[in-house]
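The values are calculated or read from the model by the stated rules, or taken from the named source; none is laboratory data. On a predicted model such as this, the values are computed, not experimentally measured, just so you know. Ideal geometry is used to build each Cβ from the backbone, glycine not excepted, and the neighbour counts take in all protein chains shown. Heads up: the accessible areas ignore ligands, DNA and RNA and are worked out on the full protein's heavy atoms, side chains in. Shrake-Rupley method; radii C 1.70, N 1.55, O 1.52, S 1.80 Å.
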Amino acid sequence: MIRGIKFVGVPVRDQNAALKFWIDAVGMQVVTDQPFNDKQRWIELKFPGADTGIAPFTPPGQEDRVGQFTSISFWCDDVFATAAAMKQKGVTFAKDPTKEHWGTSAIFQDPDGNQFVLSSR
């Protein structure tokens, strides 16, 4: 029986830049970082206490996915405060926090231009 999602892949050009971004600007922690092949490492990142993480990794032949909108939504208690803290750390937002009838959300970008939703739970 499936019990959950372990990680989702995030296509990146530079794993070192991605690692710095996700750790320093977003607050994730390294779960594993080991050699994968001669071009990439296998890296898994998670938020402290979270079950689901991300893997900054681009499968061969899928480099055209780098810099696209992703279907990944990160949740937080206060989108406005979290976005402000992330901006202080240099994170770029494609859409500033907006309160809607269904909740609050924003869209931020990683160094490769991948876009992610930040939303209220």
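Structure summary
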quantity: Farthest toward positive dipole pole in the chain [+1 Lys/Arg, -1 Asp/Glu at C-beta], among Pro35, Phe74, Ala94; calculated: Phe74
quantity: Derived scalar couplings ³J(HN,Hα) [segment 22-32; Karplus, 6.51 cos²θ - 1.76 cosθ + 1.60; whole Hz; x for Gly, Pro]; calculated: 5, 7, 6, 8, 9, x, 7, 10, 6, 9, 8
quantity: Helix-only [θ]222 nm of the chain, DSSP H runs n ≥ 4, -39500 (n - 2.57) each, per residue, nearest 500; calculated: -3500 deg cm²/dmol
quantity: Relative contact order [Cα under 8 Å, 6+ residues apart], the chain, whole percent; calculated: 25 percent
quantity: Calculated SAXS-style log₁₀ I(q)/I(0) at q = 0.15, 0.25, 0.34 Å⁻¹ - segment 21-62, Debye, Cα scatterers; calculated: -0.39, -0.88, -1.17
quantity: Residue-normalised accessible area of the chain, expressed per residue, 1.4 Å probe, Å²; calculated: 62 Å²
quantity: Apportionment of accessible area to carbon and sulfur, segment 22-121, percent (1.4 Å); calculated: 49 percent
quantity: Charge tally in the Cβ shell below 11 Å around Gln15, where Lys, Arg are +1 and Asp, Glu are -1, Gln15 excluded; calculated: +1
quantity: Whole-number Å³ per residue for the convex hull built on Cα positions in segment 52-121; calculated: 97 Å³
quantity: Under-5 Å amide H pairs with Ile72, H placed in peptide plane, nonlocal only; calculated: Val117
quantity: Magnitude of the charge dipole, the chain, Cβ model with Lys/Arg +1 and Asp/Glu -1, debye to 20; calculated: 140 debye
quantity: Helix 79-88 axis, angle to the chain major axis (alpha carbon atoms, nearest 10°); calculated: 60 degrees
